[in-house]
1. Return the residues of segment 361-385 that are in contact with a strand residue (DSSP E or B) (Cβ under 9 Å, 6 or more places away or on another chain), among the hydrophobic types (A, V, I, L, M, F, W, C) and either farther than 16 Å from residue 43 by Cα or in the same structural domain as residue 186 (by TED's automatic domain parsing) (or both); say none if nothing qualifies.
2. From (1) closer than 26 Å to residue 225 by Cβ; (2) not in a loop (DSSP other than H, G, I, E, B), pick out the condition that doesn't hold for residue 339.
3. Answer with yes or no whether residue 353 is under 21 Å from residue 402 (Cβ atoms), surrounded by fewer than 21 Cβ atoms within 10 Å (Cβ to Cβ) and either outside the structural domain of residue 226 (by TED's automatic domain parsing) or not basic (Lys, Arg) (or both).
4. Can you pull out every residue in segment 46-85 that is of a type in the set (Gly, Ala, Ser) and closer than 24 Å to residue 214 by Cβ?
5. Among the residues of segment 391-410, which ones are within 22 Å of the chain's Cα centre (by Cα) and surrounded by fewer than 20 Cβ atoms within 10 Å (Cβ to Cβ)?
6. Can you pull out every residue in segment 411-442 that is exposed (fewer than 15 other Cβ atoms within 10 Å of the Cβ) and among the polar types (S, T, N, Q)?
7. Counting only residues that are in a loop (DSSP other than H, G, I, E, B) and modelled with pLDDT under 95, which one in segment 121-139 is nearest to residue 384 (Cα to Cα)?
8. Would you check which residues across segment 356-390 are surrounded by fewer than 18 Cβ atoms within 10 Å (Cβ to Cβ) and assigned to a loop (DSSP other than H, G, I, E, B) and list them?
Amino acid sequence: MTVGGGFDLRVEPWIPVRLLTGESACVGLCGLFERAHEIEDLEIPVPPAAAGLMRILAPIAARIAADGGERLDDPDVAEDIDDWFDLRERVLKAGRFDPRAVDAYFGREDLAGRFDLFHPERPFLQDPRLRTECVDAKGAPNPSGVNKLVMGRPTGVNGAVLFGHFTDTAPVPVPAAEAAWHLIAQLYYGPSGQCTPRRITGERAGSGDAAPLRKSVSYFPWGPDLFTTLVLAVPSPQAEVDWEAEDTCPWEEGLNAPLEPLPPVTWPGRMLTGRFRHAALLVPSEDGRAVTDAYLTWSTHEPPQRVRDPYQILDRRKDGDFQPREADGARALWRDLDSLLLKDSRQDARRPPALEHLPKPLLPRLRVRAYGFDQDGQQKDSVWFRTTTPPVLQWQEENDAEMAYHVKRCHAAAEKSGDRLDFAARIAWKIATDTSVDLSPKAKIKLDARKSGPWASAALARYWPAAEKEFWQLTEPGHATDQVDKPFVDAALAALDEAIGQANRADIRVARARHRARGLLLALLQPSASD
């Protein structure tokens, strides 16, 4: 494998990792696969970039992971799912990627230069045609600006400052490694709507669609080392894709044709890396160690391809159809556990395919890693997050149905108490502050959504961390019980009292409001409440 100029992602240390020894390091793509068995975790500080990188690494792992001449991306092996699972077991038993297979893939002649972030003709995951297609009315270059590339930086006049102080008038260059993270994040989570215009025909089109993962959360089975994690990240060949077309990733094929129909979705490359809606091009500094500007625009206006993402929960909508679960920065991962443990046919949520058919011997050691980005469907970005469960996949319904349903009961009880706490705190605020409210115990109270008061949000902010603590105590091995409501009701009562505050209770209206709200919560413990 030869190394040229530019910023070669194969060898440049752009991926932060934590080794099994506890040390931190940075590696390139080759080092990551060669040392995957020595690496415990990825440490990329931008979760949407990590979620996208996992989708890039998975098809590469499928190209590299092999046993007896058979690879995990071999369509002939994939014809029989049992043969494919057997091959995966043999790959896992090897305990590491074969260094010769790593060198063979990244040294392919047809991929020369394809992993260079600044290659003049085929920069990694970019479109060099944007230099001449993103121009103003006079034909001068019309880049989007480096601030548009970096998620969290403000753009335009009214951009909010989330993670630093930057302006369009004084943009700060981005180190090349970080630019690679944000390039990946933009391709998977970028906005819809107005963008830098792109002229291909006589028309300068300047709007695009949302990226394929926008406002979503991804769930990966997380092994004791990165080798195991990457092998398990390879989606099983059960997707509804085109099995006749050749499977490729963007760096393995020619540039896309923006005005032509999209190529078919194939497994595993195009289903994970071939559904981008944005096109990008980075402008390097003179020494090639930083990015000083960037172009971000649309890549196609064809309808998005429909294919099941292997790392997402699907929730049933009111119309009966399913959609990916949206990321919520205020929602802890444990509240999704029942959807990760129970079979699809038993609930209104479908488990991510990547969590199906996991090797049983590994289940006691497998955790779930979630990467999410709380966004709206267009331009607003709120918060991103990364979180990891304890080893819970041993509780999947197929392996331990009793525990899986116990987890569901605990989650349902927590949600029920949380919903009732929200309602009770709003009622309490109404009673305490509206002198027109009838204080008799059975009087009906009409709430105004515009005047909900501060107690509900304050109470929920205290309740959910306490509920999580109760949840993990209730789900400790050997602690399964049918009596799961009381701990969550007690947590809700304590949160309500903290939100109201000790000083306010001397007021007669506050005292009555508190009594009414506590009664609403305690009603959950009555037998009729669970019928």
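The values are calculated or read from the model by the stated rules, or taken from the named source; none is laboratory data. All values derive from a computational prediction rather than experimental measurement. Heads up, the Cβs are rebuilt from the backbone with ideal geometry, glycines too, and the neighbour counts pull from every protein chain shown.
1. Once the filter is applied, which keeps residues that are in contact with a strand residue (DSSP E or B) (Cβ under 9 Å, 6 or more places away or on another chain), among the hydrophobic types (A, V, I, L, M, F, W, C) and either farther than 16 Å from residue 43 by Cα or in the same structural domain as residue 186 (by TED's automatic domain parsing) (or both), segment 361-385 yields 362, 366, 373, 383.
2. (1)
3. Against the criterion (under 21 Å from residue 402 (Cβ atoms), surrounded by fewer than 21 Cβ atoms within 10 Å (Cβ to Cβ) and either outside the structural domain of residue 226 (by TED's automatic domain parsing) or not basic (Lys, Arg) (or both)), residue 353 does not qualify.
4. 49, 50, 51, 52, 58
5. Listed by number, the list holds a single entry, 391.
6. Hits for segment 411-442 are 433, 435, 436, 440.
7. The selected residue is 136.
8. Scanning segment 356-390 gives 356, 357, 359, 376, 377, 378, 379, 380, 390.
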